[in-house]
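*Asks:* Structure incoming, see below.
The values are calculated or read from the model by the stated rules, or taken from the named source; none is laboratory data. Just so it is clear, the model here is predicted, and its values are computed rather than measured. Cβ sites come from the backbone with ideal geometry, for glycine too, and all protein chains shown count toward neighbours.
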Amino acid sequence: GAKAPAAFLRKEIHMNQKMLWQYARLIVGVGINLQKGQTLVINCPVDRADFGRLLTTAAYDLGAKDVVMLWRDDYCTREHWLRADDSLFDYVYGWDADRLNTLAKEGAGYISIAAAAVPEHDRSAWQIHRWSEREPERQS
């Protein structure tokens with residue numbers, strides 16, 4: 001079988017990272033059952049790049065034709081939701097729709113990594129709503 005990338009085989013690497021490698025292989029090989037010659041699309045937050053890379057390696061080990069990585073940044077996504085012009089929420093860029101529709105028509109597999117790791121002390125700063133529409137705080 002395929003071996004984990006060299007960085008994950010060093011003795012100083014903790015068992016949980018080796019388990020992440022096994023989990024990546026399980027997701028790609030069993031979870032979505034990636035077939036040889038199939039393209040894989042991975043939607044991955046930048047702060048989980050390490051896991052996105054493991055998924056990429058696992059996919060190529062299993063014979064992926066291509067791996068398309070869609071990086072995203074949760075901070076930037078939050079800023080978009082809070083501050084972008086309202087007209088954008090009913091709009092999809094044509095190039096983005098074409099890309100995703102083409103990949104879907106070609107039978108690409110999709111994996112989306114969700115990683116909402118907001119520190120407890122910072123949760124109030126990450127609440128999604130528009131500050132200007134917020135109900136005024138009542139003083140007692």
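*Asks:* Counting just the residues of region 102-137 that are polar (S, T, N, Q) and over 30 Å from Tyr23 (Cβ atoms), which one comes out modelled with the lowest pLDDT?
*Replies:* Result: Ser132.
*Asks:* Could you list, in sequence order, all residues of region 60-80 that are closer than 15 Å to Ile113 by Cα and either of a type in the set (D, E, K, R) or at pLDDT 95 or above (or both)?
*Replies:* If the condition is that a residue be closer than 15 Å to Ile113 by Cα and either of a type in the set (D, E, K, R) or at pLDDT 95 or above (or both), then Val67, Val68, Met69, Leu70, Trp71, Arg72, Asp73, Asp74 are the ones that fit.
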